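> My structure is below; once you've seen it, I'll send some questions.
The values are calculated or read from the model by the stated rules, or taken from the named source; none is laboratory data. Everything quoted here is computed from the prediction, not taken from an experiment. As a convention, Cβ positions derive from the backbone with ideal geometry for all residues, glycine included, and neighbour counts pool all protein chains shown. The protein model used for the area step is the full one, side chains on, heavy atoms only, and it has no ligands, DNA or RNA in it. Shrake-Rupley method; radii C 1.70, N 1.55, O 1.52, S 1.80 Å.
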Amino acid sequence: MRALAIRSLLARRGRTALSIVGIALGIAVLYAALATDAGIVASTDRTVRDLVGRADLRVEAFGPAGLSAESLAAVENAPGAAVVAPALERRTYLIPAADAPDDGAGGPPPVTALGIDPAFEPCVRDLVLRSGSELSSPDSFQALVTETLASATGTAVGGEITFQGGDGAPVDVTVVGILAGDGPLVGANGRTVVLPLRTMQRLFGDPTVSRIDLIAGEGATPAELGSAIAVALTSQPYVLSSPADVAASLRGSTADFRSTTALIAAVALFVGAFLIFNTLSMTVTERVRELGLLRAAGATSGQLVRFVVIQAVVLGVLGAIVGLGLGILLAEAMAAELRTIGAIPFERVDPSPVAVVAVLAIGLAVTVAAAVEPARRAGSIPPVEALRDRIDPAAARRARLRWLIGVFVAVGLAGLVVWPRDAGAAGLARSGLVYLVLFAAVLAAPYVLGALGRVAGLPFRAAFRVEERLARASIVRDRARTTLTVGALAVGLAMVVAVGGVAHQSRLAAAAWLDEVIPGDELLTSIRPLALDENVIADVAAVDGVARVSPLALFEVARNGVRLDAAAVRGADLLADGRLRILVGDREAALKDLDAGGAAILPRSIADRIGLTVGSTLTLAVGEGKVADLRVAGIAERTLPGGVGEAVLIGWRDATRIFGVAGADVLAVRYAPGRIADARPTVDEAARLAALEPNPVSVVAGAVDTALGQVFGLFDALALVAVIVAALGIVNTLTVSVLERVRELGVLRAAGMTRDQVRRSVVVEAGILGIVGSALGIVTGLVAGAILVVLAGGTPLVVEIPWVSMVVAALLGVGISMAAAWYPARLASRLAIVAAVQHE
């Protein structure tokens, strides 16, 4: 049986190769998903090490103000604190040399100044030097710069670097060392200057610290140290976190990406299982008579089962080996793309040997699962049935239904084995529900095939009436096999539509935020808080063509121990600008209440989550055991985006007096109608002189759209793999259809049918399959995309049909299907009439 099984595979080399490629592509996507997941985990762990180092706990300032000297002293004196490493972080600008050329681009981006305690910082983290020496004194005018910044500015050890201090005056420091790579800060793009803490505080006129890293002493646990800090630090709000908390937060930010990648990998495997099943089913169908004769000659049922299973194992092993090679290439391509779009520096990491073995085992297991039903059918063929040269269609349909359920469960269990453990239960539930929807679409395919097939034939009927009728007759010849092929294509296209729908929704939500909330055409970002009475605001507002300048500030508040994003705004500016759509409450009254004080406007997402409505009281912690009660004046459809979600809107009066907001982070500039072109250059020049970074809202929207396009483009590429595997299944299906109809095609040729008509009939059949699969896939994809959007949350739902994704899916489905018909059509058209009529 082993030799017979191998010979059977070699007899159909093309079909065998397609099957190997199909399972290999599924394995490649699975391997790439695991490699990407391993890379994200490794990158997260490295980022945590960079952020927290060897610290057991981190204390950070909560809100706009840093941790005071009194708070630092309280932490230093807390029982169990062996190492206390404070740091102060501020953004500033380098001052170029007087003879530096002006490129007219507004100067380089800002740098991050980091003040550390040279005595204790090395106990917490290693500052790896590429050259030079460490900081020698706690109050010297020395600095370490990152290798990235040194390369960009041409700075060397022993040279000087000049930046703006807290009052805007230039400050010269001597560079004593070059830090390797991007340095110790994540998110600073490698533009970091490290100074002694005392020097940093003096230069920026800021006696506070941004965070304090702690290492527990001998005999003290991090939990005990945290409790001691809670007792000692009562003078102001703070955030206490551990390395595990930081890692969980970072991994949570990548959970949706990782779960979506795993879902697409499962879909690719599922579609690959279709191809394997079709291949082995065709083998059994073609060799019914031969297998029956073997039974009659004494072969046992078990031997015939082994005949099919051996073929499956061979296909699975070869597919897994090829897939592993393709997966390595795909993983490298994904890593290269993620390095350009990830907020966390991505590093390429190969999966563990256990994961690689799991990938190979899953590929083999799915292949064997796909072979179970054909093997059972082969083993149950009686000699009498073999003489009919045809298996009972009703029995075949029932067999395929059993197979569908079995493989669906097998692939689902395989997905659970490799599912990212820290991707969250919500992501698993969301992906599981989408997987069920895709499976339901496959089960529905037999019931819609007839009606959709008739409709799909209409575009071909006018020009190719005879070919269209032959094609539809061929499609219903083996309805079960056809529906499996259509189902595989529909599943792949459904993922394309679903990913496209989620991307479209994300773009619409981002655009709605910018259009409906931001009260300006341009945003001027400041590296320091701008007091509302500063000259720069008045100078920008005085530019001819500027209608309004709206200050904005983002900060944090806390309700019942839960952190919320907040934004300080001027209600009058939003009212005059027409920004902010109020769902509950009076818009004019709510915005006026913000300026009067004692009020807040909530975004719908937060209001629904915490159960507040207009007239309710929002109680927020202020520090020192005090709270602030704000009346909910309105609920908006969406508000300004914050760090992790939408922000609670608070008037400037309350923001400064109650929450200690020092000034604006951003100025939103609204130009008079038709005056953008002539007023913007003057505003940008004023912004550069005041060390503000101008960003037109259109540029921000473009950057957001580009980032979203990169992420979802990666998902589209993975989903396309499933479509390609489905196309290989179409090649198999059409090829077998031609082989089954050899005598019929010969008779038609003898009756006068031309080679071109034969070829067109096969291509039309593929076109009908493509249209049916596209229609089913588009509907399924819309449902799956809606599930992903609704259950993901995080952004307001913007209901709009993703027409572009639907058109792409339709063109892809029909185009790939008809392209897949090339070989079967060529095979059919080249049949010799006499040989075809005599074919047995």
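> As I understand it, the dipole of the chain uses +1 on the Cβ of Lys and Arg and -1 on the Cβ of Asp and Glu, about the Cα centre. Which of VAL455, VAL75, LEU338 lies farthest toward its positive end?
VAL455
> Considering Cα pairs under 8 angstrom that are at least six residues apart, work out the relative contact order of the chain and quote it in whole percent. Intermediate values should be presented prior to the final figure.
Details: 1559 pairs, mean separation 142.6, N = 840.
In percent, rounded to a whole number, it is 17.
> Then there's this: Taking θ as phi - 60°, what are the ³J(HN,Hα) couplings along the range 168-182 by the Karplus curve (6.51, -1.76, 1.60), each to the nearest whole Hz, with x for Gly and Pro?
For the range 168-182, the Karplus curve yields x, 6, x, 10, 9, 10, 8, 7, 9, x, 10, 7, 5, x, 8 Hz.
> Report which label in [x] -0.53, -0.68, -1.09; [y] -0.42, -0.56, -1.02; [z] -0.46, -0.64, -1.30 holds the value of log10 I(q)/I(0) by the Debye sum over Cα atoms at q = 0.06, 0.07, 0.10 Å⁻¹ derived from the coordinates of this structure.
Checked against the structure: label [x].
> Out of the total accessible area of the chain (probe 1.4 Å, heavy atoms of protein only), what percent is carbon and sulfur?
Numbers: 20950 of 34710 Å².
Ligands and nucleic acids excluded, carbon and sulfur reach 60 percent.
> Accessible area per residue of the range 566-611 at 1.4 Å probe, in Å²?
Values: 1900 Å² over 46 residues.
I get 41 Å² per residue for the range 566-611.
> By Kyte-Doolittle mean hydropathy of at least -0.5 and Cα axial length of at least 30 Å, which whole DSSP H helices of the chain are selected?
On the way: long enough: 13-52 (57 Å, 0.92); 255-286 (46 Å, 1.26); 301-341 (57 Å, 1.62); 353-379 (37 Å, 1.50); 393-418 (37 Å, 1.25); 425-461 (50 Å, 1.38); 479-516 (52 Å, 0.83); 697-740 (62 Å, 1.80); 755-792 (53 Å, 1.45).
Membrane-span-like by this rule: 13-52, 255-286, 301-341, 353-379, 393-418, 425-461, 479-516, 697-740, 755-792.
> Among ILE527, ILE161, what's the order by accessible area (1.4 angstrom probe), most exposed first?
These residues rank, largest area first, as ILE527, ILE161.
> With r defined as the distance between the Cβ atoms of SER242 and ASP705 and R0 fixed at 35 Å, what FRET efficiency is calculated, to the nearest 0.05? Don't jump to the answer; show the numbers that get you there.
Values: r = 37 Å, r/R0 = 1.05.
E(calc), rounded to 0.05, equals 0.45.
> On full extension of the chain, what length is gained from GLU134 through VAL186, given 0.36 nm per residue of separation minus the C-alpha to C-alpha distance? Display every interim value, and only then the final one.
On the way: separation 52, 0.36 × 52 = 18.72 nm, distance 2.05 nm.
Here the segment from GLU134 to VAL186 would lengthen by 16.7 nm.
> Taking R0 as 25 Å, what's the FRET efficiency between ALA511 and LEU532 from their Cβ-Cβ distance, rounded to 0.05? Show your work: numbers first, answer last.
Details: r = 29 Å, r/R0 = 1.17.
Efficiency at R0 = 25 Å is approximately 0.30.
> Taking all protein chains together and a probe of 1.4 Å, list ARG465, ARG604, ARG481 from the most accessible to the least accessible.
Details: ARG465 145, ARG604 90, ARG481 15 Å².
These residues rank, largest area first, as ARG465, ARG604, ARG481.
> In nanometres, what is the gap between the two model label sites at LEU583 and VAL807, each 7 Å from Cα along Cα-to-Cβ?
3.2
> Would you work out the charge dipole size for the chain about its Cα centre, treating the Cβ of every Lys and Arg as +1 and the Cβ of every Asp and Glu as -1, and quote it to the nearest 20 debye?
Details: 72 positive and 76 negative charges, 1298 e Å.
So the dipole magnitude of the chain works out to roughly 6240 debye.
> Hey, got the dipole for the range 443-482? About the Cα centre, +1 on K and R Cβ, -1 on D and E Cβ, debye to the nearest 20?
That gives the range 443-482 a dipole magnitude of about 80 debye.
> Using a 1.4 angstrom probe and counting only protein chains, how large is the accessible area of TRP652 in Å², to 10?
Result for TRP652: roughly 20 Å² accessible.
> Shifting gears a bit: Which length gain, in nm to one decimal place, applies between VAL747 and ARG339 when the Cα-Cα distance is subtracted from 0.36 nm times their residue separation?
On the way: separation 408, 0.36 × 408 = 146.88 nm, distance 6.01 nm.
Gain on stretching VAL747 to ARG339: 140.9 nm.
> Sort ILE321, ILE215, ILE229 by heavy-atom solvent-accessible area, probe 1.4 angstrom, most to least.
Values: ILE321 110, ILE215 30, ILE229 0 Å².
Correct descending sequence by accessible area is ILE321, ILE215, ILE229.
> Just to confirm, what accessible area per residue do you get for the range 635-777 at 1.4 Å probe, in whole Å²?
Roughly 36 Å² per residue, with all protein chains present.
> Taking square-rooted eigenvalues a ≥ b ≥ c of the alpha carbon gyration tensor, is the range 552-636 rounded, prolate or oblate, where a/c under 1.5 means rounded and, failing that, a/b exceeding b/c means prolate? Walk me through the numbers before you get to the answer.
Numbers: a/c = 1.81, a/b = 1.47, b/c = 1.23.
Prolate, because a/c is 1.5 or more and a/b exceeds b/c.
> Rounded to the nearest 500 deg cm²/dmol, what is the calculated helix-only ellipticity per residue at 222 nm for the chain, with -39500 (n - 2.57) per DSSP H run of length n ≥ 4? It would help to have the intermediate numbers written out before the result.
Numbers: 29 runs with 498 residues, N = 840.
Calculated at 222 nm, the ellipticity per residue is -20000 deg cm²/dmol.
> Report SER242's accessible area, 1.4 Å probe, all protein chains in place, as a number in Å² to the nearest 10.
Roll a 1.4 Å probe over it and SER242 shows about 30 Å².
> Check which residues have an amide H placed less than 5 Å from THR146's amide H, if you skip close sequence neighbours.
HN-HN under 5 Å from THR146: LEU179, THR192.
> If you place +1 on the Cβ of every Lys and Arg and -1 on the Cβ of every Asp and Glu, how big does the dipole about the Cα centre of the range 606-749 come out, in debye to the nearest 20?
Working: 13 positive and 15 negative charges, 52 e Å.
Here the size comes out at about 260 debye.
> Provide the percentage of antiparallel DSSP beta bridges, counting only those with both residues in the chain; round to the nearest 5. Numbers along the way, then the final one.
Details: 66 of 85 bridges.
Restricted to the chain, the bridges split so that about 80 percent are antiparallel.
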